[in-house]
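Participant: Take this structure first; my questions come after.
The values are calculated or read from the model by the stated rules, or taken from the named source; none is laboratory data. The structure presented is a predicted model; accordingly, all values stated were derived computationally and were not measured. Glycine also receives a Cβ, built like all others from the backbone with ideal geometry; neighbour counts cover every protein chain displayed. Side chains are part of the model used for accessible areas, which takes the heavy atoms of the whole protein and leaves out ligands, DNA and RNA. Shrake-Rupley method; radii C 1.70, N 1.55, O 1.52, S 1.80 Å.
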Amino acid sequence: MEKSLGKKKIAVFISGRGTNLKSLIKYSKTKKSLFKIVLVISNKSNAKGLGYASKSKIKKFIIRYSNKKKFEKETLKLLNEYKVDLICLAGFMKILSKNFIKKFSKPILNIHPSLLPKYKGLDTHYRAIKNKDKYSGATVHIVSEKMDSGKIILQEKIKILKSDTDKTLEKKVLKIEHRIYSKAIIKLLTTY
Ligand code: GRF
């Protein structure tokens, strides 16, 4: 990726709660940050995360997903308009098409609450506990056309305790997510 002096422009895609968006916004406001968030896109009008964008006066758009082609066309137009360098999916519950990934032609990151390649998809904590795994964690990876696949940029693990439930594990892993997402972005911006 081109290393220019200006901060890289990021678009964050969400569908719900938005705590990862919140932590990315917080980091982006620090002096040392190499990126700024210029755009938040949600496919849900009631996504709680939209409130964090409003609070920080970040441009936000709700684009309905009922028609995938239309969603992707409108989204690509916005990404162009805002000169976005990198997309970060943060609890965005839809799969982007091969065509979209190709047309955007810049990196797209996703954060996932498991030690990928284990447990793609939903209910990751429940599955890790059920399988009596010793560790769980979070992964930031490049988005490819296959769900929760693509090159891993950063991963951090945590021990699963006997006393853990899917709820307690979710809380602990979410804390990791909030810490590693900005780290992974910096790693991507400075290494690749
Ligand atoms: C996170 O656990 C993330 O890893 C997954 O969806 C959840 C989104 O949480 N992809 P939030 O909306 O960022 O609070």
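Participant: Looking at segment 18-36 only, could you name the residues that are within 16 Å of the ligand (Cβ to nearest atom) and either surrounded by fewer than 15 Cβ atoms within 10 Å (Cβ to Cβ) or in a helix (DSSP H, G or I) (or both)? Don't jump to the end; show me each part of the working.
Facilitator: Step one: list which residues in segment 18-36 are within 16 Å of the ligand (Cβ to nearest atom), which gives 18-28.
Hits for segment 18-36 are Thr19, Asn20, Leu21, Lys22, Ser23, Leu24, Ile25, Lys26, Tyr27, Ser28.
Participant: Taking the options Ser54, Ser42, Ser66, name whichever one is surrounded by fewer than 15 Cβ atoms within 10 Å (Cβ to Cβ), modelled with pLDDT of 95 or more and farther than 21 Å from Ala184 by Cβ. Walk me through it before giving the result.
Facilitator: Values: Ser42 fails: surrounded by fewer than 15 Cβ atoms within 10 Å (Cβ to Cβ); Ser66 fails: modelled with pLDDT of 95 or more.
Among Ser54, Ser42, Ser66, only Ser54 is surrounded by fewer than 15 Cβ atoms within 10 Å (Cβ to Cβ), modelled with pLDDT of 95 or more and farther than 21 Å from Ala184 by Cβ.
Participant: Something else about it: Out of the residues in segment 6-17 that are in a strand (DSSP E or B) and of a type outside the set (A, V, I, L, M), state the one that is least open to solvent (accessible area, probe 1.4 Å).
Facilitator: Taking segment 6-17 first, the residues in a strand (DSSP E or B) are 8-14.
Now restrict to residues that are of a type outside the set (A, V, I, L, M): 8-9, 13.
Working: Lys8: 22, Lys9: 62, Phe13: 0 Å².
Among residues in segment 6-17 that are in a strand (DSSP E or B) and of a type outside the set (A, V, I, L, M), the one least open to solvent (accessible area, probe 1.4 Å) is Phe13.
Participant: Okay, next question. Any residue in segment 172-190 that's within 19 Å of Ile160 (Cα to Cα): show its pairings with residues that are in a helix (DSSP H, G or I) at Cβ separation under 6 Å, as long as the two are six or more apart or on different chains.
Facilitator: The qualifying pairs are Glu177/Asn20; His178/Ser23.
Participant: Which residue, of Asp164, Asp148, is without any contact (Cβ under 8 Å) to a residue 40 or more places away in the chain, acidic (Asp, Glu) and away from the ligand (no atom under 13 Å from the Cβ)? First the steps, then the outcome.
Facilitator: Values: Asp148 fails: away from the ligand (no atom under 13 Å from the Cβ).
Residue meeting the stated conditions: Asp164.
Conditions tested, residue by residue: (1) without any contact (Cβ under 8 Å) to a residue 40 or more places away in the chain; (2) away from the ligand (no atom under 16 Å from the Cβ).
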| site | (1), (2) |
| --- | --- |
| Ala11 | no, no |
| Gly16 | no, no |
| Val38 | no, yes |
| Ser45 | yes, no |
| Arg64 | yes, yes |
| Lys70 | yes, yes |
| Lys94 | no, no |
| Asn99 | yes, yes |
| His112 | yes, no |
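Participant: The conditions are (1) of a type outside the set (Asp, Glu); (2) within 21 Å of Ile142 (Cβ to Cβ); (3) within 15 Å of the ligand (Cβ to nearest atom); (4) open to solvent by 60 Å² or more (accessible area, probe 1.4 Å), and Asn80 fails exactly one of them. Which is it?
Facilitator: Condition (3) is where Asn80 drops out.
Participant: Can you name every residue in segment 11-58 that is under 14 Å from Tyr181 (Cα atoms) and of a type in the set (D, E, K, R)?
Facilitator: Answer for segment 11-58, where residues must be under 14 Å from Tyr181 (Cα atoms) and of a type in the set (D, E, K, R): Lys22, Lys26, Lys36.
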